[in-house]
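Got a structure for you, questions after.
Bear in mind these aren't lab numbers, they're just calculated from the coordinates by the rules spelled out. Since the structure is predicted, the reported quantities are computational estimates derived from the model, not experimental observations. Here the Cβ positions follow ideal geometry from the backbone for every residue, glycine too, while neighbour counts run over all protein chains shown.
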Amino acid sequence: MIVYHQLEFPATGENRTVRVYLPNNYENQVSRYPVMYFFDGHNLFYDQEATYGESWQLKTFLDHWNKDMIVVGIEPSHAGNQRLEEYSPYDIGGEFFAGPIKGRGETTMQWLVNQVKPVIDQTYRTYPDRLNTGIAGSSMGGLMALYAITRYNAVFSKAAALSSAIFTPIYQEMKQNQLDSNTRVYMSWGTNEVGLDLTQEEEIWASPSAQVHLYLETNLQLHGATTYLHPQIHGQHTERDWAQQVPLFMDFLWMR
């Protein structure tokens, strides 16, 4: 079951749609459940709601997965560059494909942690502690997931960052912030995201994308985090390819 909420985003005074997936047996149980938060919530459950007509098929996966949990999908603004602003923790200069961006990612995280999460924990039967709380996203949402797991590690113990938009400040973020040793982080990229469909292992791991992720992984592991790197062969920057990774990262984060 998917429940829809409209919650005010104070930075703009506008409402944001928050989708909540509840396990099939939720209404017939008294159990509490872990919670995972996802950015770009409109792309998670139904193709007809997804920006490009293809979703992560997350509801189908969760309906048949052998672990019951609650998933919360946060939808950003779709006006102009507002999604990019809301999902960037940092100001980005004119070299960015969309032009200069004034980052509001920290404001988004404060809203999620201090307003959205309390609403979810008060409305539903959750386990609110960090060991039972994860976060995930792709592209700019992937950057936000990395930011969240480092800056807000006291809240989130697990993160999945798929095809993340990675900017230099995130490296310093990881060096400056302490992580609990039970932190788990999944990171991935597609080998065909930049027009070079690499398939040979030595080429894949020598690519710029791999080197960036290996550097991030080293920093995370230095703080004791457990990591999983996944170069998706033939993978592109699309919901269709991210959907294929759902069983992989969900099992890594929650079943081991």
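Please work out whether the chain counts as rounded, prolate or oblate from its C-alpha gyration tensor, where a ≥ b ≥ c are the square roots of the eigenvalues and a/c under 1.5 means rounded, while otherwise a/b larger than b/c means prolate and anything else oblate?
rounded
Looking at the chain as a GNM with Cα springs under 10 Å, which of THR126, THR108, THR12 has the largest mean-square fluctuation?
In this elastic network of the chain, the residue with the biggest mean-square fluctuation among THR126, THR108, THR12 is THR12.
Still on this model: Under 11 Å from the Cβ of PRO76, count the other residues' Cβ atoms, weight Lys and Arg +1, Asp and Glu -1, and hand me the total.
Within the 11 Å Cβ shell, the charges total -2.
Nearest 10 degrees, 0 to 90: what angle lies between the long axis of helix 140-151 and the longest principal axis of the chain (Cα atoms)?
80
Now for a different question. Using helices alone, I'd like the mean residue ellipticity at 222 nm for the chain: each DSSP H run of four-plus residues gives -39500 (n - 2.57), total over residue count, nearest 500.
Numbers: 10 runs with 82 residues, N = 256.
Per the formula, -8500 deg cm²/dmol.
If r is the Cβ-Cβ distance from VAL3 to ALA206 and R0 is 45 Å, what FRET efficiency results, to the nearest 0.05?
Efficiency computed from Cβ-Cβ geometry: 0.45.
Same structure, new question: Can you tell me what share of the DSSP beta bridges in the chain is antiparallel? A percent to the nearest 5 is fine.
The antiparallel fraction comes to roughly 30 percent.
Under the rule of at least 5 residues apart or a separate chain, name every residue whose amide H is placed under 5 Å from the amide H of ALA160.
Answer set, sorted by chain and number: ILE135, ALA136, GLY137, TYR186.
State, as an integer percentage, the relative contact order of segment 2-254 based on alpha-carbon contacts under 8 Å between residues 6 or more apart.
Result for segment 2-254 is 16 percent.
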